[in-house]
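Colleague: Take a look at this one; I'll ask things after.
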Amino acid sequence: MNALLNVFARLCVFRRGPEDMPYAPPLVGMLLALWMVIQLLSAALQDGLTVAQMVGVQLLAMGLLLGSSALVLAFKNLLGRWTQTAIALIGVDIGLSLLALPMLLIGHAAGGTPSILEGVYLLLVSWQLAVQAFIFHRAFAIGPLLGLAMAFGLLILTFMLVGALMPEVLQAGQAA
């Protein structure tokens, strides 16, 4: 377990790639279960939306991320890389979500998130996009800028789908 955490940490600082993840299909399920627990905890600590709405948005985002990865890998005839790519994407999301939990706890205890923590949270989201771009670059055998374009494109597509399927989530975000 310690070795896996080390690989995730090194992936987050661009010292390892998705190809360094173990090929272990059951690990995808275990990581998704852990990811769901963290998302439920995070959703419970946020104000303005229900837990179901928050988890729905996260499930949509993760489903889009993993599904589009499978589609791109299948298109490039590299579908054998999907398990390791999924482990890398889920692991990075878990790690950065755990880093965000203290900020959510402070915001929940204070009755609102201080501006400085919102800035730190924005940095975490930006870092996650950069790491996702790096994972795409390595897994899909594409250039780093195309990986970044894919990461941003998926983020925009996620917002578009949330707006279409759950407009109340975006409306609550605008009211905050």
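Every number in this text was worked out from the coordinates using simple rules, so none of it is lab data. What you see is a predicted model; the values in this text were computed from it and never measured. Note that we place each Cβ from the backbone using ideal geometry, even for glycine, and neighbour counts take in every protein chain shown.
Colleague: Rounded to the nearest 20 debye, what is the charge dipole size of the chain about its Cα centre when +1 sits on each Lys and Arg Cβ and -1 on each Asp and Glu Cβ?
Modeller: So the dipole magnitude of the chain works out to roughly 540 debye.
Colleague: How many angstrom lie between the C-alpha centres of segment 110-176 and segment 1-79?
Modeller: For segment 110-176 versus segment 1-79, the Cα centre distance is 14 Å.
Colleague: At what distance in nm do the modelled label points of Phe14 and Leu129 sit from each other, each positioned 7 Å from its Cα along Cα→Cβ?
Modeller: The answer from the label model is 1.6 nm.
Colleague: For a quick check, take a GNM of the chain with Cα springs below 10 Å and name the residue from Ala24, Ala88, Ala151 with the largest mean-square fluctuation.
Modeller: Of Ala24, Ala88, Ala151, the most mobile in the Gaussian network model is Ala24.
Colleague: In the chain, once you exclude exposed trypsin sites (Lys or Arg not before Pro) (DSSP loop, at most 13 other Cβ within 10 angstrom), what's the longest stretch remaining?
Modeller: Looking at the chain, 77-176 is the longest stretch - no exposed trypsin sites (Lys or Arg not before Pro) with at most 13 other Cβ atoms within 10 Å.
Colleague: If you fit an axis through the alpha-carbon atoms of helix 82-110 and take the longest principal axis of the Cα set of the chain, what angle between them do you get, 0 to 90°, nearest 10?
Modeller: Taking the Cα atoms of the chain, the angle to 82-110 is about 20 degrees.
Colleague: In degrees from 0 to 90, rounded to the nearest 10, what is the angle of the helix 115-140 Cα long axis to the longest principal axis of the chain?
Modeller: So the helix axis and the longest Cα principal axis differ by about 20 degrees.
Colleague: Quick one: helix 51-75 against the long Cα principal axis of the chain, what's the angle to the nearest 10°, folded into 0 to 90?
Modeller: 20 degrees
Colleague: Suppose a student asked you for the relative contact order of the chain, using Cα pairs under 8 Å spaced at least 6 residues apart; what percent would you report?
Modeller: The normalised contact order for the chain reaches 28 percent.
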